[in-house]
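Peer 1: Here you go, one structure.
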Amino acid sequence: MIDDRETFLKPHRFPEAERLVNAEPIDAASAAGVDKRSHVVVMSHNFLRDKDYLRSFLGSPAPYLGMLGPAARLDKLLDALHAEGYDPDPADLVPVRGPAGLDLGGDGPDEVAWAITAEILAVHHGRSGGPLRDRTGPIHDRASAQASAGAGAG
């Protein structure tokens, strides 16, 4: 969990957080040590703060950068970065998902969290997140299934 407001970074508020990182939004990616295993979701409810978070994570090795809120908000954030003279490389936009999450039909906070978690899993496994019934061929890659079976042995 990353926030520039230390008063919000309390263990009782985020009991499942692996780490609480106090950093300015523009420094968030480096302060948190974002790497290819990191999956990032941004929403601080402050446009300028979110703009700086977005700028920090663009170009990072994170394979997923989810932006909460409507697609129009992400467009405005990117427009604001452009107005400041920052134009991300198209490759840096590949991991950006806005709005974050799969369309599971839920609106409540728990359901939004499930939708985002599902999208992160889909990205992690290189899948679309669509229904299994729509897949052609086997639902599991043989090499992955065999590796999983072997991992439990012994």
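Peer 1: Applying the selection to region 76-89, what residues are surrounded by fewer than 22 Cβ atoms within 10 Å (Cβ to Cβ), in contact (Cβ under 8 Å) with a residue 24 or more places away in the chain and in a helix (DSSP H, G or I)?
Peer 2: Restricting attention to region 76-89, the residues satisfying the condition of being surrounded by fewer than 22 Cβ atoms within 10 Å (Cβ to Cβ) are 76, 78-89.
From the residues that got through so far, the ones that are in contact (Cβ under 8 Å) with a residue 24 or more places away in the chain too are 76, 78, 80-81, 86, 88-89.
If the condition is that a residue be surrounded by fewer than 22 Cβ atoms within 10 Å (Cβ to Cβ), in contact (Cβ under 8 Å) with a residue 24 or more places away in the chain and in a helix (DSSP H, G or I), then K76, L78, A80, L81 are the ones that fit.
Peer 1: Quick check on my filter: what residues within region 61-75 are surrounded by fewer than 17 Cβ atoms within 10 Å (Cβ to Cβ) and aliphatic (A, V, I, L, M)?
Peer 2: First, pick out the residues of region 61-75 that are surrounded by fewer than 17 Cβ atoms within 10 Å (Cβ to Cβ): 61, 70-73, 75.
Across region 61-75, the qualifying residues are A71, A72.
Peer 1: Consider region 90-126. How many of its residues are within 15 Å of P63 (Cβ to Cβ), part of a loop (DSSP other than H, G, I, E, B) and more than 10 Å from the chain's Cα centre (by Cα)?
Peer 2: 3
Peer 1: If you go through region 2-47 one residue at a time, how many are assigned to a helix (DSSP H, G or I), within 16 Å of L77 (Cβ to Cβ) and small (G, A, S)? Steps first, answer last, please.
Peer 2: At the first step, the residues of region 2-47 found to be assigned to a helix (DSSP H, G or I) are 6-8, 25-32, 47.
Still in the running and within 16 Å of L77 (Cβ to Cβ): 25-26, 28-29, 47.
Pick out the ones that are also small (G, A, S) and you get 28-29.
Residues flagged as assigned to a helix (DSSP H, G or I), within 16 Å of L77 (Cβ to Cβ) and small (G, A, S) within region 2-47 amount to 2.
Peer 1: When you go through (1) of a type in the set (A, V, I, L, M); (2) more than 18 Å from I120 (Cα to Cα); (3) touching a residue at least 60 places away in the same chain (Cβ under 8 Å) one by one for V41, which number turns out not to apply?
Peer 2: Every listed condition holds for V41 apart from (2).
Peer 1: List pairs: first residue in region 117-132 and farther than 14 Å from R37 by Cα, second residue loosely packed, with under 12 Cβ neighbours inside 10 Å anywhere in the structure, Cβ distance under 6 angstrom, at least six positions apart or on different chains.
Peer 2: Correct list of pairs: L132/I139.
Peer 1: So the check is Cβ under 6 Å with 6+ separation or different chains; which pairs have a first residue in region 53-75 that's free of Cβ contacts under 8 Å to residues at least 40 places away in the same chain and closer than 22 Å to G126 by Cα and a second one that's of a type in the set (D, E, K, R) and surrounded by fewer than 19 Cβ atoms within 10 Å (Cβ to Cβ)?
Peer 2: Filtered contacts from region 53-75: L58/D92; G59/D92; P61/D35; P61/K36.
None of the figures in this text is laboratory data; all of them are computed from the coordinates on show. These figures come from a predicted structure and were not determined experimentally. Because the Cβ atoms are built from the backbone with ideal geometry, glycine has one as well, and the counts that use them run over all protein chains shown.
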